[in-house]
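Visitor: One structure, pasted below without further comment.
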Amino acid sequence: MPSSPSFTTPTSSAAATAPLPHKSLADLGWPHLIEALAARCHTTRGADAARALAPLDLAAAQARIAEIAEARALHASNAAPPFGGIEDIHEALDRAERAGTLAPEQLVAVGRTTAGQARLRRHLHSWVDLAPRLFAHADPIQELSHVSGPLADSFDEAGRLVDHASAALGPLRRKLAGLHDDLKRRVRQLIEGPELADVLQDTFYTQREDRYVVPIRADAHRRVKGIVHGTSGSGATIFVEPEEIVDLNNRLKLCEGEVHDEEERILTQLTAYVREEAPAIRAGLLIATRLDLIDGAARLADTLGASAPMLAPGAPLRLARARHPLMVLAGTDCVPNDLTLAPGQSLIISGPNAGGKTVALKTVGLVCLLARHGLHVPCDAETGVPFVRTVLTDMGDDQSIERNLSTFSAHITHLCEFFAEADADTLILIDEIAAGTDPEQGAALAQAVLEGLATRGARVLCTTHYERLKTMAPRDDRFVNASVGFDLATLTPTFELHVGLPGSSGALSVARRLGLDGAVCARAEELLGSAGRDIEALLASVEAERKRLEEATAEVKRTQVAASAARHEAEAQARLALERARAAKKGAHDEAVHALRAARAELDAAQKDLRRSKAPDAAAIAAAEARVDRAAREIMSRPPDPPAPRGRPPRDGELVAGLAVVVARLGDGILLGPPERGKLAVRVGTMRSTVDVADVRVLDERARKDAERAAPPPRPPRSPGAPPDPLTPEGAESTYARTVDGTLDLRGERVDAAFDRIDKFIDDSLLASREVICLLHGHGTGALRSAVREHCNAHPMVAKLRPGTPPEGGDGVTLVWLG
């Protein structure tokens, strides 16, 4: 059987990809995690590759982490890579390369696999922008349609060669079917006829050695001419091939041989196609296996809620909401924990039994193993993992009667191995360090071991109940304390890891809660001594204070979340109210404009009747004019929405001389000094003024420059003694930029027709929210110009008007402001 595929990247350091210790993998439960990965692969070869997964060097691990991220992105986009049809066809390829002829089921599997490989490549090509790394792997896969096409066309769904697999196969099969029909018909005639009626054992026919025969009584078989092909089990029946059908049977056998030969010829030809492209098929299968492994890892990461770790040599261990992956897979409630450990630091975890100390060790170990193999880790996104060369563990009881090893002896044996391996790229996990011996000596030995491993630069995480080890962190910054939570009220662990605090073992408290005799517990405390009692009391008080601070912090966070939600709700309600007000105002304005247009239409009809010299209805005209006036007054009474105030409120101490500000009702200005008794001196243009502080908003520098760039150029001063324009008020607007949709061309129009067009254009401009319109009437005799301006001056929707400036068209245009 072919060996399982293994995907590693060549490296200059053999140690970088050396196998990890089997004991470490078993202690951490790595085989169970690998089986979970294999179960998520689509192909047999992919699952085999998962089970043979080997550690990677740094570059290869980082590359695989990125590839898995791309596969997860495809899954999130409902574009998971397709692996349907891809099978393990290595045995078929081997047989084809040895000049053997493949069986139909093997050829069908090869055809499905080559088609599946090509389909996988096409899919990843269509998603190359989202998964460029995955497509780079898939790109070398060859289409091989000249192989997969004939294979797919030559077999039916049951894997049988179809009649059109060759030009000869169909006719031969039809000939064979015809011979079968002839034989059956002739045999039925013999059975039903008088020739054999008195010698037949039964009225049926069958086949022996692929030849049709009839059942004859043993005592009468000599009366039937033919070939004997056997007897029944009882001997009472002899199966005879009557001579009447021997020739047909012979022809049938010959035809069957011809069909078989043609089928073998087709299979040999199809095998030749496979043999010719076997290297390309094998290469494509290897690529598909690699992609299947990556996709399986992506599916596992999604199940674990994992993230891509930041992997670097010598980096701090920084786990964010780390979860034990096997607990997540088992559906067990898993408390996430944070942990940060600098390079060269060791973590000493203390606390009660069953509090989660070992779970914390295994979680860290599995996270580092996952990252070492280029897989995503069950932590949040900001997780950073150091690239460790190896992981060494001492967990459980390795005593062995056969090897004459006690628990403590086995433990010391492992510690010796650790000292031989320890360096800055080693992660060492020790559960209950130096346990199983005299506590005083064990504690001293444990401290010496930790100091020795730290001197070698190894990262060590250990669990302990020794008080001596809990005092190392305050005296040596290479060590960090941590504890696991335990609720003494309910005697249940919280599985929360608290870095920076040692934990109490709580043995006496647990014993008391479980009902051990009070006198016994009291005697134990007495024997513990004042120092021991003081330490336990101190640790208990620290734990209580930590809980209190955690609860207070959680309450503050809940208050902040509630306040934020209330603020967002209030802002949403304010926005909704503002939108409703604007909608109501717009609806009222639209109704008024509609009424104005309707009244205007009635007035236009009455005026047209008058112009056609029909009998005018003065009352109707007056009523229409009154409706127009009412609609105009209603529109004029609705002020436009005020513009949003520019700038922002001033901050404390910000109002100083030279600050750019916006002054209500005056515009942009510059402060001349700080506020005095609630007043500010400002310069707006050439004017100096004193205003209230409440009327001033600060104009940010960018906004001030934007306002200066957007401001129109100043109008040239009027020549001394020149009379003011009678149609333009002082401080008239700057040059108007005429637009096509804002201009009405009246040149050549009669006065009456011009009035109709002007009125309609004003109505349309109001609906289009135009503030200024341009009426182009030309110079001419001046009659149309005068009539237009008089008409506009009398219009209720015209706020003001003026002739155009020379750049705007001079006296040949009139600019009209609507309001």
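The values are calculated or read from the model by the stated rules, or taken from the named source; none is laboratory data. Fair warning: this is a prediction, and the values are worked out from it, not measured in the lab. Cβ placement follows ideal geometry from the backbone for every residue including glycine, while neighbour counts extend to all protein chains displayed. Note: areas computed on protein heavy atoms with side chains; ligands, DNA, RNA excluded. Shrake-Rupley method; radii C 1.70, N 1.55, O 1.52, S 1.80 Å.
Visitor: Output wanted: per-residue J couplings in Hz (rounded whole) for the stretch 365-377, from phi through Karplus 6.51 cos²θ - 1.76 cosθ + 1.60, θ = phi - 60°, x for Gly and Pro.
Guide: Ordered by residue, 3J(HN,Hα) equals x, 5, 4, 5, 5, 4, 5, 4, 9, x, 10, 6, 10 Hz.
Visitor: When the accessible area of the stretch 322-391 is split by element with a 1.4 Å probe, what percent falls to carbon and sulfur?
Guide: Values: 1020 of 1900 Å².
Percent of accessible area from carbon and sulfur atoms in the stretch 322-391: 53.
Visitor: Sticking with this structure for a sec: Measuring from label point to label point, each 7 Å out along Cα→Cβ, what is the GLU192 to SER689 span in nm?
Guide: Label-label distance for GLU192 and SER689, simple model: 12.1 nm.
Visitor: Report the full-extension gain for the segment THR492 to ILE227: residue separation times 0.36 nm, less the Cα-Cα distance, to one decimal in nm. Could the numbers behind the result be given before it?
Guide: Numbers: separation 265, 0.36 × 265 = 95.40 nm, distance 8.80 nm.
Taking THR492 through ILE227 to full extension adds about 86.6 nm, to one decimal.
Visitor: Carbon-plus-sulfur fraction of the accessible area of the stretch 159-311, 1.4 Å probe, in percent? Could you put the intermediate results ahead of the total?
Guide: Working: 3760 of 7510 Å².
Taking all protein chains in place, the stretch 159-311 shows 50 percent carbon and sulfur surface.
Visitor: Please give the FRET efficiency for LYS175 paired with HIS125, using the beta carbon to beta carbon distance and R0 = 51 Å, rounded to the nearest 0.05.
Guide: The computed FRET efficiency comes out at 0.60.
Visitor: Send over a whole-number figure in Å² for the accessible area per residue of the stretch 70-203, probe 1.4 Å. Before the final figure, lay out each step's value.
Guide: Values: 6810 Å² over 134 residues.
The answer is 51 Å² per residue.
Visitor: Could you work out how much longer the chain between GLU157 and HIS568 gets when fully extended? Use 0.36 nm per residue separation minus the Cα distance between them, nm to one decimal.
Guide: Taking 0.36 nm per residue and subtracting the Cα distance, the gain is 141.8 nm.
Visitor: Residue by residue through the stretch 72-80, what is 3J(HN,Hα) from phi via Karplus (6.51 cos²θ - 1.76 cosθ + 1.60, θ = phi - 60°)? Round to whole Hz and write x for glycine and proline.
Guide: 5, 5, 5, 4, 5, 9, 6, 10, 4
Visitor: Separate question: Could you report the stretch 267-418's accessible area per residue, 1.4 Å probe, as an integer in Å²?
Guide: Numbers: 5410 Å² over 152 residues.
Heavy-atom SASA per residue in the stretch 267-418 reads 36 Å².
Visitor: Could you go through the stretch 135-152 in sequence order and give the Karplus-derived ³J(HN,Hα) for each residue, using 6.51 cos²θ - 1.76 cosθ + 1.60 with θ = phi - 60°, rounded to whole Hz, and x for Gly and Pro?
Guide: Running phi through 6.51 cos²θ - 1.76 cosθ + 1.60 with θ = phi - 60° gives 5, 4, 5, 7, 4, x, 4, 8, 5, 6, 5, 6, 9, 5, x, x, 5, 5 Hz.
Visitor: What distance in nm lies between label points placed 7 Å from Cα along the C-beta direction at ALA168 and GLU417?
Guide: The two pseudo-label positions are separated by 6.7 nm.
Visitor: So, one more: Residues of the stretch 334-352 with backbone nitrogen within less than 18 Å of a virtual label 7 Å along the Cα-to-Cβ line of GLU451, please, listed as ranges.
Guide: 345-348
Visitor: How do the peptides 47-56, 372-381 rank, highest first, by the average count of neighbouring beta carbon atoms within 10 Å per residue? Could the numbers behind the result be given before it?
Guide: Working: 47-56: 20.0, 372-381: 23.7.
Peptide ranking by packing, descending: 372-381, 47-56.
Visitor: For a paramagnetic label modelled at 7 Å from the Cα of SER77 toward its Cβ, which residues of the stretch 279-315 fall within the zone defined by backbone nitrogen distances under 17 Å?
Guide: Flagged as within label range: 295, 298-299.
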